[in-house]
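Worksheet: the structure to be examined is printed underneath.
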Amino acid sequence: MINIAVVDDSAADVQSICERLKTVAEAEKTEISVTTFSGGEEILYNFKPVFDIILIDVEMPGMDGFE
(Lines give C-alpha, C1' and ligand atoms only; values in the text may rest on other atoms or scores of the structure.)
Protein backbone atom coordinates (compact mmCIF):
# COMPACT_ATOMS: atom_id res chain seq x y z
CA MET A 1 0.00 0.00 0.00
CA ILE A 2 1.29 3.41 -0.98
CA ASN A 3 0.03 6.31 1.16
CA ILE A 4 -0.26 9.55 -0.77
CA ALA A 5 -1.14 13.07 0.40
CA VAL A 6 -2.54 15.55 -2.10
CA VAL A 7 -2.44 19.20 -1.01
CA ASP A 8 -4.22 21.70 -3.25
CA ASP A 9 -6.67 24.56 -2.79
CA SER A 10 -8.53 23.71 -6.02
CA ALA A 11 -11.17 21.00 -5.62
CA ALA A 12 -11.11 20.39 -9.39
CA ASP A 13 -7.35 19.83 -9.34
CA VAL A 14 -7.62 17.48 -6.36
CA GLN A 15 -10.28 15.45 -8.17
CA SER A 16 -8.18 15.29 -11.35
CA ILE A 17 -5.06 14.21 -9.46
CA CYS A 18 -6.96 11.54 -7.52
CA GLU A 19 -8.48 10.15 -10.72
CA ARG A 20 -5.06 9.96 -12.36
CA LEU A 21 -3.54 8.29 -9.31
CA LYS A 22 -6.34 5.72 -9.32
CA THR A 23 -5.79 5.01 -13.02
CA VAL A 24 -2.04 4.48 -12.53
CA ALA A 25 -2.59 2.32 -9.44
CA GLU A 26 -5.02 0.10 -11.33
CA ALA A 27 -2.66 -0.22 -14.29
CA GLU A 28 0.23 -1.11 -11.99
CA LYS A 29 -1.94 -3.38 -9.81
CA THR A 30 -0.89 -1.39 -6.75
CA GLU A 31 -3.01 -0.41 -3.78
CA ILE A 32 -3.01 3.25 -2.82
CA SER A 33 -4.54 5.34 -0.10
CA VAL A 34 -5.02 9.02 -0.89
CA THR A 35 -5.60 11.67 1.77
CA THR A 36 -6.46 15.18 0.60
CA PHE A 37 -5.73 18.52 2.24
CA SER A 38 -7.03 21.90 1.08
CA GLY A 39 -3.97 23.93 2.02
CA GLY A 40 -0.54 24.09 3.56
CA GLU A 41 -1.83 24.89 7.03
CA GLU A 42 -4.18 21.90 6.99
CA ILE A 43 -1.46 19.34 6.28
CA LEU A 44 0.96 21.06 8.65
CA TYR A 45 -1.42 20.90 11.60
CA ASN A 46 -2.82 17.43 10.77
CA PHE A 47 0.40 15.79 9.55
CA LYS A 48 1.20 12.24 10.56
CA PRO A 49 4.36 10.56 9.24
CA VAL A 50 2.47 7.94 7.23
CA PHE A 51 2.81 9.33 3.71
CA ASP A 52 5.12 7.81 1.15
CA ILE A 53 4.42 10.59 -1.35
CA ILE A 54 3.20 14.16 -0.85
CA LEU A 55 1.95 16.06 -3.90
CA ILE A 56 1.64 19.74 -2.97
CA ASP A 57 0.60 22.79 -4.94
CA VAL A 58 3.27 25.47 -4.82
CA GLU A 59 0.85 28.37 -5.40
CA MET A 60 -1.85 28.56 -2.75
CA PRO A 61 -3.16 31.40 -0.61
CA GLY A 62 -1.74 31.46 2.89
CA MET A 63 0.92 28.79 3.30
CA ASP A 64 1.96 27.46 -0.08
CA GLY A 65 4.06 24.47 -1.08
CA PHE A 66 7.32 26.39 -0.80
CA GLU A 67 6.67 27.43 2.79
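The values are calculated or read from the model by the stated rules, or taken from the named source; none is laboratory data. Fair warning: this is a prediction, and the values are worked out from it, not measured in the lab. Here the Cβ positions follow ideal geometry from the backbone for every residue, glycine too, while neighbour counts run over all protein chains shown. Protein only, heavy atoms only, side chains kept; ligands, DNA and RNA dropped before computing areas. Shrake-Rupley method; radii C 1.70, N 1.55, O 1.52, S 1.80 Å.
Amide hydrogen proximity for VAL7: with H placed 1.01 Å from N in the peptide plane, the residues at 5 or more positions away or on another chain lying under 5 Å are PHE37, LEU55, ILE56, ASP57. Could you tell me which residue out of THR36, VAL14, ILE2 lies farthest along the dipole of the chain toward its positive end? Charges go on the beta carbon: Lys and Arg +1, Asp and Glu -1, centred on the Cα centre. With unit charges placed on the Cβ atoms, the residue in question is ILE2. Put a dot 7 Å past each Cα toward the Cβ at LYS29 and TYR45; how far apart are the dots in nm? Modelled inter-label distance: 4.4 nm.
Would you compute, from DSSP H runs of 4+ residues alone, the mean residue ellipticity of the chain at 222 nm, taking -39500 (n - 2.57) per run and dividing by the full residue count, rounded to the nearest 500?
Details: 2 runs with 24 residues, N = 67.
Value at 222 nm, helices only, nearest 500: -11000 deg cm²/dmol.
Surface analysis of the chain yields an accessible area of 70 Å² per residue, using protein heavy atoms and a 1.4 Å probe. Charging the Cβ of each Asp and Glu at -1 and of each Lys and Arg at +1, and nothing else, the dipole of the chain about its Cα centre rounds to 340 debye. Here the accessible area is traced with a 1.4 Å probe on the protein chains. For the chain, carbon and sulfur cover 54 percent of it.
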